[in-house]
Ligand SMILES: [Zn+2]
Ligand SMILES: [Zn+2]
């Protein structure tokens, strides 16, 4: 396929907006119908007009075919951006055969800064960075920083591949125990941070300290037997996604009162049946602000949160997990 034909094909996917973008970058007129705009861009590949503008303005040494190359590149870049943002449905048309090295893997986007997306990451930063991954739960679809959530189990290991499907911690949590329904998040997932790396090669100390608030409405709900406040913790990028997982030697305190987070010797990595539980901390909470701290001694990376839960009957739970599978 020659340059003009391949550009024509790409331009057929452009909307007026992209066509005008390209034209304005070429300092050409943006007037006319869609077909006029397409023809004007294609004309720029061969015509004297653009060569004149560019050759005079920029550098007289720029040759005509280089101008054509630049125009083609501009078309190509715009096309790729549309492809990545899902503006074109190229995959279904089977047309992204060439240059697959430039097509990012599922969930990653090139330039998310202009897109209307929601970033909620356990690092706490809402910044739309270059490398984001989207939660595959259709009712969630939050984006997270890949480097914050896809991490090797041991610090020196290579970064594992992106899980497919990928779920954020909140969606993982909601699938971890079908008998507990999340009413609200009192403390959104936060990452534990390493506070001390011992020289003797033993496990680093990591901790987090936060406050969460119980409103009057929350307190009202908590008078009912089936409502509770639960602290939870998960290993980021756990190979078993739907389970809780506390760090070794977990020490949990709510308003200065120690709460037993794990029911196992501190040195053991996981509880019975290969999973941990989330302790109910309702009795340690009070109206208004509550302080919660978690310290552990573990090289792996965890995130931690507090939620208001409602216990479900077997019937409700099976209905809920049925809904999750839809
Ligand atoms: Zn992050
Ligand atoms: Zn999610």
*For region 126-170 and region 295-311, distance of Cα centres in Å*: 17
*What is the spin-label model distance, in nm, from residue 255 to residue 31 if the labels are put 7 Å beyond Cα along the C-beta direction?*
7.3
*Quote the relative contact order of region 183-326 in percent (integer), defining contacts as alpha-carbon pairs under 8 Å separated by 6+ residues.*
39
*What does the highest-first list of 266-276, 287-297 look like by mean Cβ count within 10 Å?*
287-297, 266-276
_For a Förster distance of 22 Å, can you work out the FRET efficiency between the beta-carbons of residue 242 and residue 293, rounded to the nearest 0.05?_
0.25
*Apply 1/(1 + (r/R0)^6) to the Cβ-Cβ distance of residue 224 and residue 4, taking R0 = 56 Å, and write down the FRET efficiency to the nearest 0.05.*
0.20
*With label points built 7 Å along Cα→Cβ from the Cα atoms of residue 216 and residue 46, find their separation and express it in nm.*
7.7
*Provide the FRET efficiency to the nearest 0.05 for the residue 158-residue 318 pair, computing r from the beta carbons and using R0 = 51 Å.*
0.80
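Coordinate-derived values only; no laboratory data. If you're wondering where the values come from, they're calculated on a predicted model, not measured in any experiment. Glycine also receives a Cβ, built like all others from the backbone with ideal geometry; neighbour counts cover every protein chain displayed.
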